[in-house]
Amino acid sequence: MRSSAPGVEFEYMIEIVHSHSAFRVHPLSGSIPYDSDAEIRVTFTPQEFCTATMTIQLHVSQFNSKPITC
């Protein structure tokens, strides 16, 4: 993620709506300084042969923002 709003730092939080043990998300929260990036890693480590899904929501501390569901 990247913040390009002039002089504004944004906080974010990731909510795990539907989890699966094969997925890891890190970090679940943090801040993005002005004109900077924040890396969010999703790691997939399957333990068995099956279909694995996960649902997350990204919440950003911006006025009138709505969560982004992935």
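The values are calculated or read from the model by the stated rules, or taken from the named source; none is laboratory data. This structure is a prediction, so every number in the text was calculated from the model and none was measured. All Cβ positions, even for glycine, are placed from backbone atoms using ideal geometry, and neighbour counts span all protein chains on display. SASA here: full protein model, heavy atoms, side chains in, ligands and nucleic acids out. Shrake-Rupley method; radii C 1.70, N 1.55, O 1.52, S 1.80 Å.
Rolling a 1.4 Å probe over the protein chains gives Ile68 an accessible area of about 90 Å².
Computed in the context of the full set of protein chains, the accessible area of the chain at 1.4 Å probe radius has 53% of its extent on carbon or sulfur. Dipole check for the chain: with +1 at the C-beta of Lys and Arg, -1 at the C-beta of Asp and Glu, and the Cα centre as origin, the magnitude is about 160 Debye.
Per residue, the accessible area of the chain comes to 76 Å² when a 1.4 Å probe rolls over the protein heavy atoms.
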